[in-house]
Structure formats: structure tokens, C-alpha cells
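Only one structure is covered here, and it is reproduced in the block below.
The values are calculated or read from the model by the stated rules, or taken from the named source; none is laboratory data. On a predicted model such as this, the values are computed, not experimentally measured, just so you know. All Cβ positions, glycine included, derive from the backbone under ideal geometry; neighbour counts span all protein chains shown.
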Amino acid sequence: MIEQAAFAELFRGRPVPQELSRLLDFQNDLDAEYTESLYLTLRETNGLTAGWSKDPAFLARLTAFGVATGSGSFYALWNPEDGSAPAEWPVIVFGDEGGEWVIAGNVRELLQLAALDVEPMVMHDSAYFYIDEDEDEDDDEDEDDDGEYIEAIVAYRDWLKATFDLEAVEDPDPVVEAAQARWQAAFDAWKRPFLQGDEGTDTDAASHDEVDGETDAADEACSTDEADAPAPTRPDTPERKLLMDFIADEATSMRYGEQGKFWPSHHHLITPLIGKAGKFLVEAEHTAFFFHLLRLDHLPSLKSEEDFALLLRAYEGLRSIVWRGYPVCSLPLHAAVFLFGHDQFARLPGEPEPSLAGYQSSLTFLRYARSFSHMPGIMGKRQKFADLSADRALVARVRKTLVHGNQELLDGLGQLWLWAFVFLVLQVEEEAQPVIRQIRDDAAKAGDPKHVETLERFIAASAG
């Protein structure tokens with residue numbers, strides 16, 4: 001429960017928007033999460049200082065007030081200093097891996113967007129709400145499992161209507177785009193002086209930073225030919241300590257084939273530092289940091305070639321264990337092959353060498369594939385997948401990933417996002433046939449007609 005007085009302190013003497021004050025009363029009374037899109041908190045200022053800037057002039061014009069995603073993105077109101085009240089200030093979403101985007105023109109718009117009950121997708125180059133138009137088609141079993149949560153979002157929508165006569169917007173894109181057209185350029189110009197230099201990565205000579213008991217895979221990720229060179233260091237800072245504590249916890253847990261306990265309670269502080277970890281870690285430490293992020297299936301958005309080179313080095317260490325699965329490695333094998341073009345056995349045929357641009361493009365599609373919550377949602381986006389299939393290099397890479405090497409595609413199809421991969425290749429007949437054959441052949445060998453039935457549904461949907 002959050003007291004109104006404590007929440008008001010976030011606004012530093014300015015009037016608290018009545019919409020947020022009354023939402024806080026609703027949240028306290030309900031005592032449960034009510035939407036995927038918003039939850040009021042008191043701690044998000046810590047995210048600003050940890051991930052963006054401690055400059056008092058930066059913090060003075062931002063009021064961070066609530067979480068936006070389960071991975072640590074959060075909302076803040078930005079004061080445009082035009083004499084308006086906080087209720088009319090634009091809402092900024094700060095991404096858990098970076099990216100700062102206007103997401104709503106004011107608080108009321110945010111409340112309407114939150115009624116959609118979907119997390120905003122926040123990346124370095126964009127922010128938007130992805131809507132699964134077939135969400136209401138979940139089967140009865142899923143509805144029973146999520147009954148309490150469904151009641152909570154219904155209660156929120158009812159409260160929004162009764163309190164402010166507002167409803168969820170039908171289409172979030174025009175709302176977000178109008179807000180960005182009005183405010184994004186001004187916000188970008190204001191933030192730039194405070195955030196300049198945050199994306200740089202130090203490239204001092206690497207050293208081998210041994211952690212007692214670390215596995216051979218992690219050692220390989222951190223290896224260097226300059227073992228005798230003096231070890232470079234970074235100044236002791238709270239950010240460095242946070243990242244080093246994470247690395248040490250994961251390295252220790254990995255010895256026992258487990259994942260650490262530090263990440264779940266600190267990820268919201270760690271993820272804003274991913275893009276500038278080079279300021280706090282030397283190369284070997286930075287590589288180990290990426291190694292454990294990949295091991296936890298947290299795929300970082302990267303901007304610099306230097307960071308991508310370290311990510312590749314981290315994956316070289318990880319690929320010898322990626323096949324073992326959870327809890328040793330949560331990154332799915334198909335996802336690893338798709339992103340990096342190879343596993344411990346072989347490369348995808350005919351693919352270019354890994355590059356930052358290729359990684360960014362592959363990560364964008366992988367995140368889209370993972371945004372679906374059920375199969376009807378995938379099949380309902382036929383036009384979107386048809387548009388994506390115009391990128392034949394992407395389709396070919398997806399097809400090669402699905403039929404690659406010794407992977408067990410049938411088992412992998414227990415992961416919903418892989419059906420999004422299948423649906424993409426189904427848009428191009430010549431790419432689809434190898435995938436169709438493999439699924440049918442694997443299902444016949446396993447005596448598993450269920451996956452064939454699902455495949456036939458996807459084939460029918462791809463035909464329109």
C-alpha cells in the first residue's frame with residue numbers, strides 16, 4: 001500500500017494529477033495488479049539516477065511514478081516548462097535497456113492506453129503498444145487459470161469509465177504517434193546534453209578476470225591472449241558494484257548448474273546499465289556480464305560495434321552449453337542459432353558473418369515473435385507476416401534456423417514463438433516446404449498427430 005502523502009512527495013510541491021491520486025486509491029483498495037501496462041510505485045526515481053543521469057537539472061523536470069513493463073521499463077512525467085499542470089505534462093517511457101520515448105500526451109491518455117492491458121514495447125529506436133487482436137479468443141482453461149487477473153483488469157476498466165468516463169482507446173498507434181509528434185522533438189533536444197556520452201564503450205586492453213569456480217564456458221567467453229598484461233581497472237562506483245555482484249552471483253550458481261538469485265530482485269537496476277556497462281567494467285568483466293545475460297535469456301539491445309564484438313565473444317563461450325537448456329542456460333537453442341547464425345556444431349549455410357546490423361534485425365523479429373500470447377493471435381496477423389515475408393533474407397534465415405542441424409524442431413514447437421517462425425516461412429511456398437516436411441516427418445516418427453493438426457491450421461491460415 002502506498003500512502004497518498006508519500007506519493008505526493010514525488011511531485012515536490014506541485015499538484016498531484018487527480019487521475020493518479022484517484023488511481024492510487026483504486027490500486028490500494030484492489031491490492032493487486034490490474035493491467036500489464038501500469039502500476040504506481042515510489043521507487044522509479046532510482047531507475048532514472050541509476051540508468052540515465054544524477055544531474056539535479058535532469059531530475060528536476062522529471063517525475064517518475066510507475067512501472068510500465070515487468071522487465072523494468074517505467075513512466076515519468078516531463079515538465080515542458082510551459083506553465084501547464086503536471087496532469088497535462090507528456091508521459092515518457094524509459095526502457096529497461098535504454099530508449100526514452102513520449103508514449104502519451106498526458107495522464108488521461110496513459111490511463112486509456114493502460115486499459116488495453118498490454119505492455120509497451122520499448123526499444124532504442126521506437127516505443128509502441130502491440131495489440132493482439134485475438135486475445136479474447138483464449139480457451140476456457142486459460143481463462144480459468146487467469147481468473148483473478150481478468151477480474152482485476154475488468155475492475156480497472158469499470159473504474160476508469162465510472163470515475164472519468166474514459167475507455168480504452170480502440171487503436172493505440174494514433175494516440176502514441178500524436179503525442180510523439182507534439183512532444184518528442186522537444187524532449188529529445190532537452191535530454192541530449194544530459195545523456196551525451198552515455199552510449200560509449202571503453203575498449204581498454206582485455207584481461208582475464210578469473211572468478212573462483214567459474215566454468216570453462218564462462219572462462220572461454222572471457223579469454224584473452226594478453227594474460228600477462230597488467231589488469232585494467234575501473235573506479236569503484238555503486239554501478240560497478242551492482243554489475244560485479246550480479247556476475248559473481250551467476251558465476252557461483254553456474255558451478256552447480258543453477259541460475260543466481262541476484263538478478264530477479266535487481267534486474268530493474270541492472271538493465272538500464274546494459275548500454276553503458278563499458279564505463280564500469282573492463283572488457284573481460286563486460287564479456288562475462290553479456291555471457292550471463294545471454295544465459296538468462298535476456299537479449300541486450302546494442303548500439304556499438306564494440307559491444308557487439310564482446311557479445312559475440314560471450315556467445316562463443318555460451319554455445320557449448322546452450323543445448324543443455326534450463327536451468328544451465330535459459331536461452332533457447334533456436335533463438336541462439338537465429339541471432340548468431342551457429343551453434344556448437346555448425347553454421348547456418350549461406351549466411352553472412354555475424355554483424356551488429358544483422359543482430360539488431362534478428363532481435364527485432366524475435367521480439368515480435370515472442371510478443372504473442374496464443375496461436376490465434378499469430379494466425380490473426382497474416383497480413384503483417386505477409387508484409388514481413390517481403391524480406392526474403394529474413395525468411396530464409398528463419399527457415400534455416402527451423403531445420404538446422406541436430407535440433408529437435410518438434411520439441412521446440414512447445415515454445416509459442418517458434419510457431420510465429422513457422423507462420424513466417426509459410427508465406428513463401430519454396431521456403432515453407434522443408435519446414436512442413438520436417439514437422440510432418442518428426443511427428444510421424446514420434447507418433448504425435450497434435451503438431452501436424454496445428455501445422456494444418458497454420459497452413460490454412462496462411463492461405464487466407
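Quick one: what pairs do we get from the stretch 449-461, first residue within 14 Å of residue 420 (Cβ to Cβ) and β-branched (Val, Ile, Thr), second assigned to a helix (DSSP H, G or I) and at pLDDT below 95, C-beta under 8 Å, 6+ apart or different chains?
Correct list of pairs: 454/375.
Which number in (1) within 28 Å of the chain's Cα centre (by Cα); (2) of a type in the set (A, V, I, L, M, F, W, C); (3) surrounded by 18 or more Cβ atoms within 10 Å (Cβ to Cβ) marks the one condition that residue 403 misses?
The one condition residue 403 does not meet is (3).
Within the stretch 55-75, which residues are buried (at least 18 other Cβ atoms within 10 Å of the Cβ) and more than 18 Å from residue 115 (Cα to Cα)?
Hits for the stretch 55-75 are 59, 62, 63, 64, 72.
Quick one: count up the residues across the stretch 441-456 that are of a type outside the set (A, V, I, L, M, F, W, C) and either under 15 Å from residue 427 (Cβ atoms) or in contact with a strand residue (DSSP E or B) (Cβ under 9 Å, 6 or more places away or on another chain) (or both).
The number of residues fulfilling the criteria is 0.
Would you tally the residues in the stretch 178-207 being among the aliphatic types (A, V, I, L, M), in contact with a Pro (Cβ under 8 Å, 6 or more places away or on another chain), at pLDDT 50 or above and surrounded by fewer than 16 Cβ atoms within 10 Å (Cβ to Cβ)?
1
If a residue must be assigned to a loop (DSSP other than H, G, I, E, B) and either surrounded by fewer than 18 Cβ atoms within 10 Å (Cβ to Cβ) or touching a Leu at 6+ places or on another chain (Cβ under 6 Å) (or both), how many such residues does the stretch 1-17 contain?
Here the count works out to 7.
Give the residue that is nearest to residue 26 (Cα to Cα), with candidates limited to residues of the stretch 40-78 that are in a loop (DSSP other than H, G, I, E, B) and out of contact with any helix residue (DSSP H, G or I) (no Cβ under 8 Å at 6 or more places or on another chain).
Looking at the filtered set, the residue picked out is 41.
Give the stretch 18-49 a look and list any residue that's without any contact (Cβ under 8 Å) to a residue 12 or more places away in the chain and either surrounded by 15 or more Cβ atoms within 10 Å (Cβ to Cβ) or at positive phi (or both), or say none.
Result: 49, single match.
Select from the stretch 155-168 the residues that are of a type outside the set (S, T, N, Q), surrounded by 15 or more Cβ atoms within 10 Å (Cβ to Cβ) and closer than 18 Å to residue 87 by Cα and list them in ascending order.
160, 164, 166
Taking the condition of being out of contact with any strand residue (DSSP E or B) (no Cβ under 9 Å at 6 or more places or on another chain) and under 15 Å from residue 335 (Cα atoms), how many residues in the stretch 370-395 meet it?
Total satisfying the criteria: 3.
Tally up the residues in the stretch 406-434 that are among the charged types (D, E, K, R) and either crowded, with 24+ Cβ neighbours inside 10 Å or without any contact (Cβ under 8 Å) to a residue 24 or more places away in the chain (or both), please.
Of the residues in that region, 3 qualify.
What residue, of 101, 89, 52, 78, is under 22 Å from residue 242 (Cα atoms), among the aromatic types (Phe, Trp, Tyr) and surrounded by 17 or more Cβ atoms within 10 Å (Cβ to Cβ)?
Going through 101, 89, 52, 78 in turn, just one is under 22 Å from residue 242 (Cα atoms), among the aromatic types (Phe, Trp, Tyr) and surrounded by 17 or more Cβ atoms within 10 Å (Cβ to Cβ): 52.
Residues checked against (1) modelled with pLDDT of 90 or more; (2) surrounded by fewer than 16 Cβ atoms within 10 Å (Cβ to Cβ); (3) more than 23 Å from residue 268 (Cα to Cα); (4) among the acidic types (Asp, Glu):
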{"residue": "110", "(1), (2), (3), (4)": "yes, no, no, no"}
{"residue": "113", "(1), (2), (3), (4)": "yes, no, no, no"}
{"residue": "126", "(1), (2), (3), (4)": "no, yes, no, no"}
{"residue": "129", "(1), (2), (3), (4)": "no, no, no, no"}
{"residue": "133", "(1), (2), (3), (4)": "no, yes, yes, yes"}
{"residue": "139", "(1), (2), (3), (4)": "no, yes, yes, yes"}
{"residue": "145", "(1), (2), (3), (4)": "no, yes, yes, yes"}
{"residue": "170", "(1), (2), (3), (4)": "no, yes, yes, yes"}
{"residue": "176", "(1), (2), (3), (4)": "yes, no, yes, no"}
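Within the stretch 254-269, how many residues turn out to be surrounded by fewer than 18 Cβ atoms within 10 Å (Cβ to Cβ) and either within 14 Å of residue 326 (Cβ to Cβ) or among the aromatic types (Phe, Trp, Tyr) (or both)?
Total meeting the criteria: 3.
Looking at the stretch 318-365, which of the residues that are touching a residue at least 24 places away in the same chain (Cβ under 8 Å) and β-branched (Val, Ile, Thr) is surrounded by the most Cβ atoms within 10 Å (Cβ to Cβ)?
Applying the filter and picking the extreme gives 337.
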